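Asks: Let me give you the structure first, and then I'll get to my questions.
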Amino acid sequence: MDKQVILIVFLLMSLFTILIAGTAPSSCPMDLSYVKTFPWNTSVCRDPIDKQLCCQALSGIFGIGLAEQLRETSIFYLPDVNTSSICLSEFKDNLAALSIQPKMVPLCFPNPTQLVTNSSSSCLGIRTTQDWKQKVGKVTSLDTSCNGDLKDQIRCSICSEAATKLTSQLILIDPNATATNCFFHVVLYAAAVANPFGTTDLSTTGCILGLSQSSSAVTKGSSSRRGKVIKLVFTILGVVIGLGLAFVLMVMFKKWDKKRKQRVHHREVENEVMVSVLPNTGAKWFHISELESATSKFSQNNMIGQGGDGVVYKGTFSDGTLVAIKEIFALETEGDEEFCYEVEIISKIKHRNLLALRGCCVSSDNLKGKRRFLVYDFMPNGSLSYQLSIVGANRLTWPERKNIILDVAKGLAYLHYEIKPPIYHRDIKATNILLDSKMNAKLADFSLAKQGIESQSHLTTRVAGTYGYLAPEYALYGQLTEKSDVYSFGIVILEIMSGRKVLDTWNSSTDAITDWVWTLVQSGKMEEILDESIKGEGSEKIMERFVHVGMLCAHAVVALRPTVAEALKMLEGDTDVPILPDRPMPIGHASFQSSLLHGLHISG
């Protein structure tokens, strides 16, 4: 009897093994037939072949399938190497139908494991969209920046910048992850989840996946979209007629009620800003028509800057006054609260080295929706970043650089010590330092500013700021103190003194500015740090003192950094600069840039 049981178990195990062996996939889970019909520019993969452009195009066209699979299954990449090999083989067959040489697939995808969800292709261990929400957040900058029609160049640029910033933040969180893998995750999420138009929509593929279109693609895409819209309209009309007048009345009532609530909410926000904030500042409440008139209806010709959180226009009022008008984006969630918070922060600021608020505007209409504006004095000499990029005789002189550094220090000291509770700016960088007609520096853009509690640090899961200027303890652990601003200030000092960019995005072999400066100082080559244009314009001892203060402020160890008040005294010569302490191993901020540039491209 026991022998019979053993025999039965053996037969069942054999049958189970056979069944498991039979489950190995024989075809790719992705339908790659779109490769032959999608209007992508196949000419880059025909003789003469440019391997880099062809591989970029093939990565984008294969990315459509991966993004569609992510949309349907919530899983990034493919399950195993066997499936990856099968998909690449089918991909090759579909390309062959377009007369593209089969050899390009193994050249552009040399390792099938790079398309497999495993530890080597993982970023923070993210495998599904559920993992993404747990580790990155339910709502990210991609969800708010890439959720529109990306044919618009401004929206596409904003989406691109959001993707690059998010990739940088993921790398800081997980040092073991590669920039390429994290960038793949970001791009696939943007195309499959954040953007609502679908993975084969031409605006999605063109902006997010970097695919150039064939000559007839735009016309066909527009006609197809119009056809879908017409079909949808007739379908909706049929449903509405079928459901009857009662349903129509109910829908109309809901729309009316929604608009009523929006109008009430709009008035509440408007009154909150006008009543509780503006009277304390002397700032003016502008009507949207005044701003439209000042900017020629926000024309592209008047746009002077843009970022992930908004666009800045140059405006001229009827009395000839020049202003800078910032329209704030990403207002779908807690935008009203953030807008009021930013206005409240700026309302507390009254200092010659901080850009003061001239006025606000809150607008809402059915066509353009909710819009929020901040109005500032126009700074004719632009940003510090712009001035440092000028080549030739008009470059910043040593006295100008010295005064700019002191101005920023004084403005920062005001935020840290003369406002209770103190304000941490969190985004001190060359583009946020503006220069008036007399080259006086004013610290600007308080959209990321945060009020602190005196003598306490903060731990935050929402790290904000710009890569290259972020203090290590803040970027890695979310520890925010006044010393976080001091670190960014130190980077700005080194940038001003050397004329060198914080990070060279296009050159992965270039060290971060902190690594570069420390290497030269330790080699006794201090004179090589100074910008050639200011050598001989003043005392080299004073210039070296400014460099030393910049190095102290940008020290990796928080406890070794001075406060901004201490740094200001050192810069003005009131106190001696202490001996530079030893520095930990260089951070090497720029080390991931090369792999980032070779990853899937987002066009801007």
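The values are calculated or read from the model by the stated rules, or taken from the named source; none is laboratory data. In this text, all values refer to a predicted model and were calculated from it rather than measured experimentally. Quick reminder, even Gly has a Cβ in these numbers, built from the backbone with ideal geometry, and neighbours come from all protein chains shown.
Asks: Within the stretch 453-473, is even one residue closer than 22 Å to THR164 by Cα and either at pLDDT 90 or above or in a helix (DSSP H, G or I) (or both)? Write out each step before concluding.
Replies: Initially, the stretch 453-473 is screened for residues closer than 22 Å to THR164 by Cα, giving 460-473.
Subsequent filtering for residues that are either at pLDDT 90 or above or in a helix (DSSP H, G or I) (or both) retains 472-473.
The answer is yes, given that some residue of the stretch 453-473 is closer than 22 Å to THR164 by Cα and either at pLDDT 90 or above or in a helix (DSSP H, G or I) (or both).
Asks: Report yes if ALA393 is at pLDDT 90 or above and either within 30 Å of the chain's Cα centre (by Cα) or not assigned by TED's automatic domain parsing to the domain that holds GLY310 (or both), otherwise no. Full working, then the answer.
Replies: Numbers: at pLDDT 90 or above: no; either within 30 Å of the chain's Cα centre (by Cα) or not assigned by TED's automatic domain parsing to the domain that holds GLY310 (or both): yes.
Spelling it out, it is not the case that ALA393 is at pLDDT 90 or above and either within 30 Å of the chain's Cα centre (by Cα) or not assigned by TED's automatic domain parsing to the domain that holds GLY310 (or both).
Asks: Here is a follow-up. Name, by its number, the condition in (1) part of a loop (DSSP other than H, G, I, E, B); (2) at pLDDT 90 or above; (3) under 23 Å from THR164 (Cα atoms) that does not hold for HIS555.
Replies: (3)
Asks: List every residue pair whose Cβ atoms sit under 8 Å apart, with the two residues 6 or more apart in sequence or on different chains, where the first one lies in the stretch 404-428 and is over 19 Å from MET439 (Cβ atoms) and the second, anywhere, is assigned to a loop (DSSP other than H, G, I, E, B) and aromatic (Phe, Trp, Tyr).
Replies: From the stretch 404-428, the pairs are ILE423/PHE446; HIS425/PHE446; ASP427/TYR469.
Asks: Exactly one of these conditions fails for PRO196: (1) out of contact with any helix residue (DSSP H, G or I) (no Cβ under 7 Å at 6 or more places or on another chain); (2) under 22 Å from VAL116 (Cβ atoms); (3) part of a loop (DSSP other than H, G, I, E, B). Give me its number.
Replies: Unmet for PRO196, out of (1) out of contact with any helix residue (DSSP H, G or I) (no Cβ under 7 Å at 6 or more places or on another chain); (2) under 22 Å from VAL116 (Cβ atoms); (3) part of a loop (DSSP other than H, G, I, E, B): (2).
Asks: Looking at (1) modelled with pLDDT under 90; (2) in a helix (DSSP H, G or I), find the lone condition where LYS501 falls short.
Replies: (2)
Asks: Something else now. When residues of the stretch 70-82 are filtered for being in a helix (DSSP H, G or I) and farther than 14 Å from LEU209 by Cβ, how many remain? Give the derivation first.
Replies: The first filter runs over the stretch 70-82 and keeps only residues in a helix (DSSP H, G or I), leaving 70-73, 81-82.
Imposing the further condition that a residue be farther than 14 Å from LEU209 by Cβ reduces the set to 72-73, 81-82.
Final tally of qualifying residues: 4.
Asks: Could you identify the single residue in LYS3, LYS36, LYS51 that is basic (Lys, Arg), modelled with pLDDT under 85 and either in the same structural domain as PHE91 (by TED's automatic domain parsing) or within 18 Å of GLY210 (Cα to Cα) (or both)? Steps first, please.
Replies: Details: LYS3 fails: either in the same structural domain as PHE91 (by TED's automatic domain parsing) or within 18 Å of GLY210 (Cα to Cα) (or both); LYS36 fails: modelled with pLDDT under 85.
Step by step, each of LYS3, LYS36, LYS51 is checked, and only LYS51 is basic (Lys, Arg), modelled with pLDDT under 85 and either in the same structural domain as PHE91 (by TED's automatic domain parsing) or within 18 Å of GLY210 (Cα to Cα) (or both).
Asks: Step by step: first the residues of the stretch 315-331, then only those that are of a type in the set (D, E, K, R) and buried (at least 17 other Cβ atoms within 10 Å of the Cβ), then the one that is farthest from CYS146 (Cα to Cα). Which residue is that?
Replies: The initial filter retains those residues of the stretch 315-331 that are of a type in the set (D, E, K, R), namely 319, 326-327.
Now drop any that are not buried (at least 17 other Cβ atoms within 10 Å of the Cβ), which leaves 326-327.
Numbers: LYS326: 20, GLU327: 17 Å.
Here the residue is LYS326.
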